[in-house]
1. Could you say which residue among 103, 8 is surrounded by 13 or more Cβ atoms within 10 Å (Cβ to Cβ), within 25 Å of residue 135 (Cβ to Cβ) and either modelled with pLDDT under 95 or touching a helix residue (DSSP H, G or I) at 6+ places or on another chain (Cβ under 7 Å) (or both)?
2. Mind checking which residues of segment 24-51 are among the charged types (D, E, K, R) and modelled with pLDDT of 55 or more?
3. What about residue 108, is it surrounded by 15 or more Cβ atoms within 10 Å (Cβ to Cβ) and touching a residue at least 12 places away in the same chain (Cβ under 8 Å)?
4. Give the number of residues within segment 89-135 that are part of a helix (DSSP H, G or I) and among the hydroxyl-bearing types (Ser, Thr, Tyr).
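The values are calculated or read from the model by the stated rules, or taken from the named source; none is laboratory data. Here the structure is a predicted model, which means the values were calculated and not measured. Here the Cβ is made from the backbone with ideal geometry for all residues, glycine too, and neighbour counts use every protein chain on show.
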Amino acid sequence: MKLPHNAHVAVIDGETCTLYRNIGKLFEPKLAEEERPQLDPTNFSAGVRDGDQIGRLLGRTDLKELAHGAAAAEWLNAKAVAGLLDELLIVADPKTLGEMRLHYHGELNKRIIGEIAKTLTGMTVKRIETIIAKA
């Protein structure tokens, strides 16, 4: 995947969120950590739209995780509206990414250059860089 120099990368799951900046080249990303926001997952209406009734019954859908995804999207929205993001790659597990998409502001949408639906939180930065380069 092409990741422009100075583009941001948000790596998110249902519990964590880390913002990186690509200080490398277009096809050779090198990520530098910029921020780990302390999100307040209070949007529990997020799970109301979750159509996975079986997942809820079997405990595979966690409303706290979905609320964290909504909070991450809201935080990224604020950054985009304030002009603090130009180009953004979002990397999140599929459920979190799906929830986040429901909360994207128009300004954030303009800045998203790609999405990767994978759980990469907890991986080394080197491993994240490799996965982005191969995407």
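1. 103
2. Let us first name the residues in segment 24-51 that are among the charged types (D, E, K, R), namely 25, 28, 30, 33-36, 40, 49-50.
If the condition is that a residue be among the charged types (D, E, K, R) and modelled with pLDDT of 55 or more, then 25, 28, 30, 33, 34, 35, 36, 40 are the ones that fit.
3. Numbers: surrounded by 15 or more Cβ atoms within 10 Å (Cβ to Cβ): yes; touching a residue at least 12 places away in the same chain (Cβ under 8 Å): yes.
The answer is yes for residue 108.
4. So the count comes out to 2.
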